[in-house]
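*Asks:* Below you will find the structure I want to go over with you.
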Amino acid sequence: MILQTCQRAGASVGAVATLVGVTYSGYLTAVGVAASRALAKRERVPLTADRTTRFRLVIPAHNEEAMIGEALQAVMALDYPSDLVDVHVIADNCTDLTAQIARSFPVNVHERTAPDARGKGMALRWLIAKLPPGQPSDAIVILDADSIVEPTFLTALSARFERGSEVVQAYYAVRDEASGGEVSLRSAALSVRHLVRPAGRVELGGSSSLYGNGMAFTEEIARTFAWSSHLTEDLEMGLRLLLAGTRVDFEPSAVVRGEMPESRTHANSQHQRWETGRRGVARTYVPRLLNAAQEGSEGGRWIYLDAVFDIAMPPMGTLVATTGTGSLFLALFGQGSSRKAGIAGGSVGIALLFGHVLQSLRLAKAPPEVYRSLLGAPRNIIWKLGVLAES
């Protein structure tokens with residue numbers, strides 16, 4: 001009796017896990033196909049811009065003396081009329097030379113000391129409220145202080161705003177992606193998360209997420225929606241905008257490359273904070289998104305259901321582990337046709353997930369080192385499961 005109960009429980013767990021894996025692998029496959037179509041279309045008919053958009057670049061920086069100079073050099077090298085670009089650096093609770101280094105460039109430097117209100121969201125909220133409305137811009141762009149923008153970054157964004165976009169997420173890629181190890185593996189992950197997924201979701205009628213770096217907003221939107229102090233303020237902002245009826249566009253030709261941790265030790269706390277923040281946002285916003293979808297609110301139902309899929313999706317490694325574990329449980333505890341169907345479904349799901357990753361690398365035109373980094377994926381999956389357990 002006890003053995004039969006355990007077998008039924010194991011089969012049920014396996015069926016649920018496999019169903020989750022197969023559902024998400026199917027969703028990602030559809031997104032990947034749409035992304036291929038969207039990116040191919042962009043290559044055939046690239047957006048052109050009159051380069052008339054007035055940009056205000058905002059760079060929050062906390063103790064970034066090692067990187068801020070290089071980041072500002074890239075901004076100075078932008079292929080865009082300099083009289084249409086106004087740069088603001090927030091030296092936020094800094095105890096190093098960030099402000100002094102920034103002042104060696106022709107930019108505006110704002111020193112903020114607020115030890116009880118730390119964080120990127122609070123720094124952005126402080127500066128946007130402080131900027132005088134008498135010096136308007138068409139769009140405000142937020143960049144990380146350890147990032148390098150490509151020369152055509154603002155030209156690509158300008159094309160979007162000239163066509164009526166209100167919020168645009170740029171392609172947030174990885175610096176030194178060919179350096180191997182953890183950096184190359186992170187590049188593989190971000191080609192899925194920051195390129196293929198937003199390109200496909202927007203092509204299917206959804207809204208891109210915001211990824212914290214390379215985010216651009218019209219002046220009106222930036223002043224209307226104040227930033228929060230949430231751990232994942234960018235994710236939350238994207239959902240707030242969506243529920244208010246504002247869609248986030250994605251521009252793959254506007255490329256900004258960010259610095260990534262070179263070891264798991266440095267990445268561990270970052271991932272823990274992200275996962276903790278993501279879960280909190282999911283608990284708050286998934287019910288609201290489902291309610292908006294049920295009511296058929298502005299933008300239709302799919303745009304909200306797509307956001308639910310995205311925010312509730314486990315990390316790719318966890319998804320592979322879940323699907324594989326589900327198939328294993330069904331193989332051990334399943335019976336008859338349900339056992340065969342579960343094993344077959346799990347196998348197909350895992351194959352589709354790996355296919356999605358390889359397709360993402362192809363669309364991102366990843367160098368060979370990024371492909372080779374996938375050999376470390378099993379170890380990375382185990383590490384990520386540990387991070388999730390601790391967060």
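The values are calculated or read from the model by the stated rules, or taken from the named source; none is laboratory data. On a predicted model such as this, the values are computed, not experimentally measured, just so you know. Glycine also receives a Cβ, built like all others from the backbone with ideal geometry; neighbour counts cover every protein chain displayed. These area figures cover heavy atoms from the full protein model, side chains too; ligands, DNA and RNA do not enter into them. Shrake-Rupley method; radii C 1.70, N 1.55, O 1.52, S 1.80 Å.
*Asks:* Need the full-extension length gain, Thr95 to Ala331, defined as separation in residues times 0.36 nm minus the C-alpha distance. One decimal, nm.
*Replies:* Roughly 79.2 nm would be gained on extension.
*Asks:* Taking the Cβ of Pro136 as the centre, find all other residues whose Cβ is under 13 Å away and add up their charges (Lys, Arg: +1; Asp, Glu: -1).
*Replies:* -1
*Asks:* Put a dot 7 Å past each Cα toward the Cβ at Arg163 and Ser338; how far apart are the dots in nm?
*Replies:* 4.9
*Asks:* If Cys6, Cys94 are ordered by their accessible area, calculated over protein heavy atoms with a 1.4 Å probe, which sequence runs from highest to lowest?
*Replies:* In descending accessible area the options line up as Cys6, Cys94.
*Asks:* Can you compute the charge dipole magnitude of the stretch 106-211 about its Cα centre, using +1 on each Lys and Arg Cβ and -1 on each Asp and Glu Cβ, nothing else charged? Give it in debye, rounded to the nearest 20.
*Replies:* Result for the stretch 106-211 is approximately 300 debye, rounded to the nearest 20.
*Asks:* What list of ³J(HN,Hα) couplings, whole Hz, do you get for the stretch 112-122 from phi and the Karplus terms 6.51, -1.76, 1.60, once you set θ to phi - 60° and write x for glycine and proline?
*Replies:* Each residue's phi maps through the Karplus curve to give 10, 10, 8, x, 8, 9, 7, x, 4, x, 5 Hz.
*Asks:* Then there is this: Applying the Karplus parametrisation 6.51 cos²θ - 1.76 cosθ + 1.60 with θ = phi - 60° to the phi angles of the stretch 140-157, what ³J(HN,Hα) value in whole Hz is obtained for each residue in order, glycine and proline being reported as x?
*Replies:* With coefficients 6.51, -1.76 and 1.60, one gets 10, 10, 10, 10, 7, 6, 10, 10, 10, 8, 6, x, 8, 3, 6, 4, 5, 5 Hz.
*Asks:* So for the chain, averaging the separation of alpha carbon pairs under 8 Å that are six or more residues apart and normalising by length, what relative contact order in percent results?
*Replies:* Normalised by residue count, the contact order of the chain is 25 percent.
*Asks:* Semi-axes of the equivalent ellipsoid for the stretch 1-98, please: Cα gyration tensor eigenvalues, times 5, square-rooted, ordered largest first, whole Å.
*Replies:* Ellipsoid semi-axes (Å, largest first): 50, 27, 9.
*Asks:* Another question, if that's okay. With a 10 Å radius around each residue's Cβ, average the other Cβ atoms per peptide and rank 330-336, 179-185, highest first.
*Replies:* 179-185, 330-336
*Asks:* Say the dipole of the stretch 101-243 comes from +1 at the beta carbon of Lys and Arg and -1 at that of Asp and Glu; which of Met122, Val149, Phe161 then lies farthest toward its positive end?
*Replies:* Met122
*Asks:* Just how large is the dipole of the chain about the Cα centre, in debye to the nearest 20, putting +1 at every Lys and Arg Cβ and -1 at every Asp and Glu Cβ?
*Replies:* Taking the Cα centre of the chain as origin, the dipole is about 1540 debye.
*Asks:* Which residue, Gly212, Pro81, Val370, has the largest displacement toward the positive end of the dipole of the chain when charges sit on each Cβ (Lys, Arg +1; Asp, Glu -1)?
*Replies:* Val370
*Asks:* So, one more: Please compute the Kirkwood hydrodynamic radius over the chain, one decimal place, Å, based on all pairs of different Cα atoms.
*Replies:* With all distinct Cα pairs of the chain included, I get 22.2 Å.
*Asks:* Enumerate the calculated ³J(HN,Hα) couplings along the stretch 179-185 in order (Karplus 6.51 cos²θ - 1.76 cosθ + 1.60, θ = phi - 60°), each rounded to whole Hz, writing x wherever the residue is Gly or Pro.
*Replies:* 6, x, x, 5, 5, 5, 5
*Asks:* Compute the Cα gyration tensor for the stretch 93-148, then decide on rounded, prolate or oblate, letting a ≥ b ≥ c be the square roots of its eigenvalues: rounded whenever a/c is under 1.5, prolate when a/b is larger than b/c in the other cases, and oblate in all that remain.
*Replies:* Here the stretch 93-148 falls in the oblate category.
*Asks:* Hey, can you find the accessible area per residue of the stretch 68-172 for me, probe 1.4 Å, expressed in square angstrom?
*Replies:* Each residue of the stretch 68-172 exposes 42 Å² on average to a 1.4 Å probe.
*Asks:* Let me ask you something else. What are the residues whose amide H is under 5 Å from the amide H of Ser253, where those residues sit 5 or more places off or on another chain and H is modelled from the backbone?
*Replies:* It is none; the list stays empty.
*Asks:* Oh, and also: If amide H atoms are built 1.01 Å from N in the plane of the peptide, which residues on other chains or at least 5 residues away come under 5 Å of the amide H of Val58?
*Replies:* His88, Val141, Ile142, Leu143
*Asks:* Additional query: Among Val192, Ala321, Phe55, flag the residue with its Cα farthest along the positive direction of the charge dipole of the chain, charges on Cβ as +1 for Lys/Arg and -1 for Asp/Glu.
*Replies:* Working it through, the farthest residue towards the positive pole turns out to be Ala321.
*Asks:* Would you mind telling me the share, in percent, of accessible area of the chain contributed by carbon and sulfur at probe 1.4 angstrom?
*Replies:* Solvent-exposed carbon and sulfur of the chain make up 57 percent of the total.
*Asks:* At 1.4 Å probe size, put His356, His230 in order of accessible surface, largest to smallest.
*Replies:* His230, His356
*Asks:* Leu210's amide H: which non-local residues (gap 5+, or another chain) put their own amide H closer than 5 Å, with H modeled 1.01 Å from N in plane and none for Pro or chain starts?
*Replies:* Here Gly238 satisfy the definition.
*Asks:* Please give the per residue accessible area of the stretch 188-248, computed with a probe of 1.4 Å over protein heavy atoms only, in Å².
*Replies:* 27
*Asks:* Next question, about the same structure. What is the local net charge at Met122, summed over the other residues whose Cβ is closer than 13 Å to its Cβ (Lys, Arg +1; Asp, Glu -1)?
*Replies:* Here the count lands on +2.
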